[in-house]
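Data first, discussion second: the structure below is written as C-alpha cells.
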Amino acid sequence: MTKPEIRTFDDLEHLSWAVAARFEELACIKAIEKKTFTAALSGGSTPKLLYEILGSPAFAGRVRWPNVHLFQVDERCVGPDDPDSNYRLIRRAMLESSPLPEGNFHRMAAERPDREQAARDYTEDLARILRPAPGEFPRLELVLLGMGPDGHTASFFPGSAALDEQAAWVVPNYAEKLNAFRLTLTLPVLNAAAHVIFMVTGTDKAATLREVLEGPAELFPAQRIRPARGRVSWFVDGGAAQLLSPAARG
Ligand code: 6PG
C-alpha cells in the first residue's frame, strides 16, 4: 500500500464535490479502457450530499452510467424503506434521479431472515460482475467509507467478530454497541480494492482521526483498511483535521 493521501477541505460541500470529481475520473478511465467501473457505497450521513451530486442533472452526462455497477459496503438489517436503511438513503439521494440502469445497482437484501443466505447471494452478485480469478477476492475499483468517532468503519466496530473474517466476501455482523445485525463486505474484499476513499467530517472525529493516521498503535477498525495493491485517500474537513500535524493535513 502506498502512503495514504490526505486532503483537507473547508466544508462538506467542497469535500463532496472533490470526491464526485474523483469518482468521475476513475469512471472515465474505465470507460476509455472499455471496462466496467465498479464502486461500493457506504451509508451514514456524510456521503448524502455526494450521492445527491452524483444523482444530479449536472452529473448525468459526466459518467457513462451503463458502464457503472454500484454495490453496498454494508447494510443494516432492516427493510429497504426503513429510515435506517442505507439503500433508502442512496435511492432517495441518487438512484431516483440518476441514469444508472436499475440493474446496475446491487442492493444488499439485509432484511432477509436468513442473513447467511443473503450474504451468499450478495457474494454471487459480486462474482458475476467482478469475475475474480479462482481463489482471488473481487477487486472493486472504488470503495467509499466513513468513520465513526469510535473508529468504526463499514460495519466493523471495535471488537467486531467480522474483523477476523479472512475467507468470506460478505458476512452478517452483530454490532453490540447498536444491539443490531448488519451485513458487510469483509476486510479482504475492502482491502482488495484499487481505491478507497474515507469521507470524514466534524470535530467529534478529530481525536480518533489523529490516532488512526498518526497514532503509534493499531487501535481502531479504520486502521485495518490497508489495500495491498490499492490507494487509500482521506477526504476530511477542517473540523476533523484540526488535531493532525501540519505535515499530515495535506
Ligand atoms: C453505516 C456506515 C458507517 C458510516 C459511519 C460514519 O452504515 O452507518 O457504513 O460505517 O460510514 O458510521 O457515519 P457518518 O457519516 O454518519 O458519520
**Report entry** Single residue of segment 192-212 satisfying the filter (touching a Pro at 6+ places or on another chain (Cβ under 7 Å) and open to solvent by 10 Å² or more (accessible area, probe 1.4 Å)) that is farthest from the ligand (Cβ to nearest atom)
**Finding:** Ala192
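Results for (1) in contact with a strand residue (DSSP E or B) (Cβ under 8 Å, 6 or more places away or on another chain); (2) within 13 Å of the ligand (Cβ to nearest atom); (3) modelled with pLDDT of 95 or more, shown as yes or no for each residue.
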site: Trp65; (1), (2), (3): no, no, yes
site: His69; (1), (2), (3): yes, no, yes
site: Val73; (1), (2), (3): yes, yes, yes
site: Cys77; (1), (2), (3): yes, yes, no
site: Ile90; (1), (2), (3): yes, yes, yes
site: Met94; (1), (2), (3): no, no, yes
site: Pro99; (1), (2), (3): no, no, yes
site: Met108; (1), (2), (3): yes, yes, yes
site: Leu130; (1), (2), (3): yes, no, yes
**Report entry** Matching entry among Glu52, Glu96, Glu111 (being farther than 26 Å from Phe9 by Cβ, open to solvent by 60 Å² or more (accessible area, probe 1.4 Å), assigned to a helix (DSSP H, G or I) and in contact (Cβ under 8 Å) with a residue 12 or more places away in the chain)
**Finding:** Glu96
Requested in this report: Could you tell me whether any residue of segment 24-41 is surrounded by 23 or more Cβ atoms within 10 Å (Cβ to Cβ) and within 16 Å of the ligand (Cβ to nearest atom)?
Outcome: yes
**Report entry** strands (runs of 3 or more DSSP E) contained in segment 170-250 and holding at least 1 residues under 22 Å from Leu12 (Cα atoms) and touching a helix residue (DSSP H, G or I) at 6+ places or on another chain (Cβ under 9 Å)
**Finding:** 195-200, 231-237
Query raised in the report: Between a first residue in segment 55-70 that is farther than 12 Å from Gly103 by Cβ and a second residue that is hydroxyl-bearing (Ser, Thr, Tyr) and surrounded by fewer than 21 Cβ atoms within 10 Å (Cβ to Cβ), which pairs have beta carbons less than 8 Å apart while being 6 or more apart in sequence or on different chains?
Result: Gly55/Ser97; Ser56/Ser97; Pro57/Ser97; Asn67/Thr36
Query - Filtered residues of segment 215-228 (kept if open to solvent by 20 Å² or more (accessible area, probe 1.4 Å) and either modelled with pLDDT of 95 or more or of a type in the set (S, T, N, Q) (or both)) - result: Phe220, Gln223, Arg224, Arg226
Query raised in the report: Is there any pair linking a residue in segment 134-150 that is open to solvent by 60 Å² or more (accessible area, probe 1.4 Å) to one that is hydrophobic (A, V, I, L, M, F, W, C), with Cβ under 7 Å and at least six apart or on different chains, and which?
Result: Phe137/Trp169; Phe137/Val189; Phe137/Ala192; Arg139/Leu130; Arg139/Ala192; Arg139/Ala193; Arg139/Ala194
Query raised in the report: Taking Tyr122, is it closer than 29 Å to Ala20 by Cβ, within 14 Å of the ligand (Cβ to nearest atom) and buried (at least 18 other Cβ atoms within 10 Å of the Cβ)?
Result: no
Query raised in the report: Has segment 58-74 got at least one residue that is in a helix (DSSP H, G or I) and over 30 Å from Ile32 (Cβ atoms)?
Result: no
Query - segment 142-191: number of residues that are among the aliphatic types (A, V, I, L, M), away from the ligand (no atom under 12 Å from the Cβ) and closer than 22 Å to Gly230 by Cβ - result: 9
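The values are calculated or read from the model by the stated rules, or taken from the named source; none is laboratory data. Bear in mind the structure is a predicted one, so any value in this text is a computation, not a measurement. We place every Cβ from the backbone using ideal geometry, glycine too, and count neighbours over all the protein chains shown. Side chains are part of the model used for accessible areas, which takes the heavy atoms of the whole protein and leaves out ligands, DNA and RNA. Shrake-Rupley method; radii C 1.70, N 1.55, O 1.52, S 1.80 Å.
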